[in-house]
1. Starting from the Cα gyration tensor of the stretch 166-256, take the square roots of the eigenvalues, sort them a ≥ b ≥ c, and report rounded, prolate or oblate (rounded when a/c is under 1.5, otherwise prolate if a/b is larger than b/c, else oblate).
2. Using the beta-carbon distance between Ser148 and Ser225 and R0 = 30 Å, what value does 1/(1 + (r/R0)^6) give for FRET efficiency, to the nearest 0.05?
3. Using the Cβ atoms and a cut-off under 13 Å, what net charge is assigned to the surroundings of Asp295, where Lys and Arg are +1 and Asp and Glu are -1?
4. Describe numerically, in nm with one decimal, the distance between label points set 7 Å from Cα along Cα→Cβ at Ala187 and at Tyr246.
5. Beta carbons within 10 angstrom, averaged per residue: use that to sort the peptides 192-202, 347-357, 106-116, 397-407, highest first.
6. What whole number of Å gives the distance from the Cα centroid of the stretch 64-113 to the Cα centroid of the stretch 282-342?
7. Kirkwood Rh over alpha-carbon pairs of the stretch 76-178, then Stokes-Einstein at 20 °C and 1.002 mPa s: what D in µm² s⁻¹, rounded to an integer?
8. Using Cα-Cα distances under 8 Å and only pairs 6 or more residues apart, what relative contact order does the stretch 120-238 have, in percent?
Amino acid sequence: MATESADYRRLLPGHQNSHQAPANGADVFEDDNLDAPQSVPHNIGASFQRDLGSSDWGFFSSMKVVLFKSKLNFLIPCGFLAILVDYTSQNQGWVFPLSLLGIIPLAERLGFATEQLGLFTGRTAGGLLNATFGNATELVISIHALRSGKLRVVQQSLLGSILSNTLLVLGCAFFCGGLACGKPEQAFRKEDAVLNSGLLLMAVMGLVSPAMLYYTHTEVNLGQSALALSRFSSCIMLVAYAAFVYFELSNSRRRDEASGDQGDDDYDYAYPEISRWQAIAWLAIFTAWISFFSDFLVDSIEGVSKAWEIPIAFISTVLLPIVGNAAEHARAVMFAVKDKLDISLGVAIGSSTQISMFVIPFSVVTGWMMGQPMDLNFHLFETASLLITVLVVAFLLQDGTSNCFKGLMLILCYLIVAASFYVYADPNIDDGKVSHLPKFFFVQQRR
C-alpha cells in the first residue's frame, strides 16, 4: 500500500499536467487553506466545482460517502455477529471467520480515509501518511496478539502477509493483467522492483541471523543473544525503512518534475470526497473499530483451530492474511487489468516491503516495551520459506516485464507454500500438531 501511494501521487490534484494546469499556476492542494481546494482544472463541470470548493461537507454527507459507497460495507455486521456469538455460545468456531469478515470492509475504508487525507496534505505528507497507515490492520492485530502473549501468531501472520503479497497477489495481478490487456508482456519500472527486492532480502537477512544463532547453539548467552540481536536488528531495519521512505518521496518528486508530470488521462486528478477533519475523524474511528474487533479475532484463533481441526500455523499464515487483505488484493488485480502494473507492484511488493522492514521490526520493539520476548527468530522452516519466496520473486522481476505464465508460476508457488503450512507442526504450539490431517487420495494408507 505504501508504494502504491508513491506511484499514485502523480494522480493527485497537486500534480499538474502541462496541458491541464490550474489557472493560478499553484498546486491545487498545496495551498495555505487546507480545508478545501481553492482551484480546480478548467475541464471540471460547474456543479462539481461548486461541490468541491464549498464547505458543505456535513456529517451526514460524509457518512453517506464513507459508509454507503463501498459495496464491501455489507460485511460490517459480521463483526457484531462475532461479538454476539462470543457472548452467547460456547462454540468459538464461528467467532474467528465472522470477526475476519467484519474487519475486511474496515481495512478498506481505513485506506480510503488515508487517501482522502493525503489529498489535503500534499505529496510528501501524503506519502508519509500512507507509509504509516498502509498496513495499519496488520499492525493493530499484531499489537493485540502481543498483549495476549501470542508471539507465534504475530510472527506467522506477518510472515503470511509477505508470502501472500509477493506470491498470490502479485501472481494474480500478472495473470489477470496478461489476460485482460491482450499483450504478450506488460512493462513496469524495473528500478523500483529491484529496490524493493533488495529491501526484502535485507529483511530476510535480519530474520536469518537470529535463527541461525539459535539453532546452531552458538549464542554467548543461551536464549538471550538471539533476542538481543533481534532488537538491535529491528532498530537498524526501522532506520533503513525511514531512509527508504525519504528516498522514495524525494526521488519520486524529482522524477515527476523531470518528466513534466505527465500522466494518463484517466488518472490525472483525484478529488476529495470528504473534508480534512472528517478524514482525520474517520481514521481514528476505523482504527479503533479494527482494534475492537481484533480482540475477538485473536482470542478466537485457538478456538477455531480446535473446532474446525485446522492447524494454528495454517490459520495464522494463510487464512488470516488472505481474507484480512482481500480488499487490497482486489485493488492490485484491478490496476493490473487496467495496465497500471506499477501501481499493482506498489500494492503487492510495496506492502511486503513495509511489513518486513517496518511492521515486523516495530512489533519487536513494541514487544520489548511490553516486556514480551518478541524476536526475529521465525524458525528455520518459516525463514527458509521466506528466503526462497523472495529469491523467486526477485528473479522474476529483474527484467521489468510480466506475463500470464509468470503470474501462474507465482500462484502455483503460493499453493505449495500454503500446503506446506497445513502439514507443518509448530514446535512452540501444542495445538499446532496435524494428527487431524485429512486422508487425501494421494496419501497411502497403512493397514
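Bear in mind that the values in this text are calculations on the coordinates, not laboratory data. Just so you know, these numbers come straight off a predicted model, no measurement behind them. Here the Cβ positions follow ideal geometry from the backbone for every residue, glycine too, while neighbour counts run over all protein chains shown.
1. In terms of gyration-tensor shape, oblate.
2. 0.70
3. 0
4. Distance between label points: 3.3 nm.
5. 347-357, 106-116, 192-202, 397-407
6. After rounding, the separation between the Cα centres reads 11 Å.
7. Translational D for this selection: 134 µm²/s.
8. Here the relative contact order equals 12 percent.
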